[in-house]
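The values are calculated or read from the model by the stated rules, or taken from the named source; none is laboratory data. Remember, predicted model here, so these are calculated numbers, not experimental data. Neighbour counts are summed over all protein chains in view; Cβ atoms, including those assigned to glycine, are modelled from backbone coordinates with ideal geometry. Surface accessibility is based on the protein's heavy atoms, side chains included, excluding ligands, DNA and RNA. Shrake-Rupley method; radii C 1.70, N 1.55, O 1.52, S 1.80 Å.
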Amino acid sequence: MSELDHGIADLNGDQAAVFQAVSYLESGPTGPGDLEQIARRAGLDRERASRALDELMGPLGLVTAVEDPNSASGHAVYRVQSLG
């Protein structure tokens, strides 16, 4: 089992839903998702999704935020963190 597999197995419900949403959206035809898209896909309100994203980016290190070059508002999009 890799470090990533172990980290995913330890996620709580909101974290797991958000991680799955990030992964799904990133691999889709439109590319990585923003907070609104992730919250919608995860079935969470914006606040809960944001808190889970913070946890996934911070201590868990499973997700990263990047600037969206296509966004006029400057909102970030989220990607699964590469281990390489």
Inset, instruction - Please work out which one of (1) modelled with pLDDT of 95 or more; (2) under 14 Å from Val80 (Cβ atoms) is the condition Ala39 fails and give its number. - result: (2)
Legend entry - Residues satisfying the stated conditions in region 26-84, i.e. part of a strand (DSSP E or B) and open to solvent by 60 Å² or more (accessible area, probe 1.4 Å): Glu67, Arg79
